[in-house]
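K.L.:
Please read through the structure below; I'll follow up with questions.
The values are calculated or read from the model by the stated rules, or taken from the named source; none is laboratory data. Note that the coordinates shown come from a computational prediction; the quantities given were computed from them, not determined experimentally. Virtual Cβ from ideal backbone geometry, glycine too; neighbours counted across all protein chains shown.
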């Protein structure tokens, strides 16, 4: 399923969400060489999160083959800052575009429910929780982890709590055809969350790189649990479609 539109409207421009998207795109172009082999491999190795490096369970110099005679070697020290830098890097154009699409679709409304500084903190903490769960599940892994997926999963968890009944229009493949259906947000997001949980259990013990499913699960749970600590108390939890208008409330900027 691919969601492409929801019926939620925002009362203010989602500047923080736009800045985060710009930062991710900028990192992809200027740091990762827009996917060019050497800059991409260098950025993922040097700035990605390697669980075994963070936990200290991998000795310095442990290698991970990245293809085309490229090997990523772990550095001395835990490289704790890579927890943050990894959240703004991606592995491919599709990885970047998919993440940014989901961030815009759900992030603008979640940002609308918070003050902007709170949304920044919420986003980063969800990304941190996502990374930590992936590290806990596979503490000896030598595979670099990159992507905004964990933080965005937190945004999706927050959306589920704040707007469970809002309709989300989704593309669904049916054989050779693709159709569009409108689903309540809780249906689409719980289905997505279940897929991540299933993927997480099936990925335990798997060799090589792939999707960091447990990071998605960790971010999603952080968003579910933490959103009420960050959302404005006077936020109106209402279906904001063309047929429903929220009461006017003041907004902290």
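K.L.:
With the condition kept exactly as written, say whether any residue in segment 53-67 is surrounded by 20 or more Cβ atoms within 10 Å (Cβ to Cβ) and part of a helix (DSSP H, G or I).
P.N.:
Yes, segment 53-67 contains a residue that is surrounded by 20 or more Cβ atoms within 10 Å (Cβ to Cβ) and part of a helix (DSSP H, G or I).
K.L.:
While we're here: Restrict the check to segment 28-49 and report whether at least one residue is over 30 Å from residue 164 (Cβ atoms), without any contact (Cβ under 8 Å) to a residue 24 or more places away in the chain and not in a helix (DSSP H, G or I).
P.N.:
Yes, segment 28-49 contains a residue that is over 30 Å from residue 164 (Cβ atoms), without any contact (Cβ under 8 Å) to a residue 24 or more places away in the chain and not in a helix (DSSP H, G or I).
K.L.:
Quick one: which residue in 212, 194, 185 is at pLDDT below 85, touching a helix residue (DSSP H, G or I) at 6+ places or on another chain (Cβ under 7 Å) and on the phi < 0 side of the Ramachandran plot? Write out each step before concluding.
P.N.:
Working: 194 fails: touching a helix residue (DSSP H, G or I) at 6+ places or on another chain (Cβ under 7 Å); 185 fails: at pLDDT below 85.
Only one candidate passes the filter, namely 212.
K.L.:
Just the residues that are farther than 18 Å from residue 131 by Cα, surrounded by fewer than 17 Cβ atoms within 10 Å (Cβ to Cβ) and in contact (Cβ under 8 Å) with a residue 40 or more places away in the chain, please, taken from segment 75-100.
P.N.:
92, 93
K.L.:
Can I ask one more? Out of segment 1-27, which residues are in a loop (DSSP other than H, G, I, E, B) and either in contact with a helix residue (DSSP H, G or I) (Cβ under 6 Å, 6 or more places away or on another chain) or touching a residue at least 60 places away in the same chain (Cβ under 8 Å) (or both)? Full working, then the answer.
P.N.:
Initially, segment 1-27 is screened for residues in a loop (DSSP other than H, G, I, E, B), giving 1, 7-14.
Answer for segment 1-27, where residues must be in a loop (DSSP other than H, G, I, E, B) and either in contact with a helix residue (DSSP H, G or I) (Cβ under 6 Å, 6 or more places away or on another chain) or touching a residue at least 60 places away in the same chain (Cβ under 8 Å) (or both): 1, 7, 8, 9, 10, 11, 12, 14.
K.L.:
Would you check which residues across segment 136-166 are farther than 18 Å from residue 193 by Cα, touching a strand residue (DSSP E or B) at 6+ places or on another chain (Cβ under 8 Å) and surrounded by fewer than 22 Cβ atoms within 10 Å (Cβ to Cβ) and list them?
P.N.:
Taking segment 136-166 as the starting set, the residues that turn out to be farther than 18 Å from residue 193 by Cα are 136, 138-146.
Subsequent filtering for residues that are touching a strand residue (DSSP E or B) at 6+ places or on another chain (Cβ under 8 Å) retains 142-146.
Matches in segment 136-166: 142, 143.
K.L.:
While we're looking at this one, here's another question. Restricting attention to segment 123-175, which residues are outside any helix (DSSP H, G or I) and within 14 Å of the chain's Cα centre (by Cα)?
P.N.:
Of segment 123-175, the ones outside any helix (DSSP H, G or I) are 138-148, 163-175.
Listed by number, the residues that qualify are 145, 146, 147, 148.
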